[in-house]
Amino acid sequence: FQKSLNETFGADKYSEARKEVLTNMFSRPMQMALYFCTGVLEDETLFRHYALNVPFYTHFTSPIRRYADIIVHRLLSASLGTSPPIKMEKDAIQLQADHCNDRKMASKRVQELSADLFFGIFVRVRA
């Protein structure tokens, strides 16, 4: 995909901006990953990672970034036996996951609207 964009838009002063806008527009329809508590889902096919083609997948980054990552680190550590189990019921964990998903979706929407606004201003200035 990236190679096609590079070949199509050449190297003029606006080519990078055009590629950025189109890459953003093409990636919007992709399904966002969601946080969930495996203990509340019965369908294990929901645990898979489509792009990596693995049946069980969990994602996390440094726990200093997001609260969801702190929870994942604590659960993973407890499951490996390196720390005591966390004192949260699975329904409470799912409520936290739902809240994190809501905030992530709101953040993504603001980012998209900001990009739309910038693009509108960019087109207006160039017209």
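Results, tabulated for the structure shown:
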item: Pairs with Cβ under 7 Å, 6+ apart, first in the stretch 2-22 and assigned by the TED database to the domain that holds Phe118 and surrounded by fewer than 13 Cβ atoms within 10 Å (Cβ to Cβ), second modelled with pLDDT of 75 or more and not hydrophobic (A, V, I, L, M, F, W, C); result: none
item: Residue check, Thr61 of a type in the set (Val, Ile, Thr), farther than 30 Å from Lys3 by Cβ and either open to solvent by 70 Å² or more (accessible area, probe 1.4 Å) or out of contact with any His (no Cβ under 8 Å at 6 or more places or on another chain) (or both); result: no
item: Pairs with Cβ under 6 Å, 6+ apart, first in the stretch 31-53 and closer than 19 Å to Cys100 by Cα, second among the polar types (S, T, N, Q); result: Leu34/Asn101; Tyr35/Asn101; Cys37/Gln94; Val40/Gln94
item: Subset tally (residues that are of a type in the set (Phe, Trp, Tyr) and assigned to a helix (DSSP H, G or I)) for the stretch 40-93; result: 2
item: Residues that are open to solvent by less than 100 Å² (accessible area, probe 1.4 Å) and among the charged types (D, E, K, R), drawn from the stretch 64-111; result: Arg66, Asp69, Asp98, Asp102, Lys104, Lys108
item: Leu117, sole failed condition from (1) at pLDDT 90 or above; (2) open to solvent by less than 60 Å² (accessible area, probe 1.4 Å); (3) of a type in the set (A, V, I, L, M, F, W, C); (4) over 16 Å from the mean Cα position of the chain (by Cα); result: (2)
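The values are calculated or read from the model by the stated rules, or taken from the named source; none is laboratory data. The structure displayed is predicted, hence computed values, not measured ones. Positions of Cβ are backbone-derived with ideal geometry, glycine not excepted, and every protein chain shown enters the neighbour counts. SASA here: full protein model, heavy atoms, side chains in, ligands and nucleic acids out. Shrake-Rupley method; radii C 1.70, N 1.55, O 1.52, S 1.80 Å.
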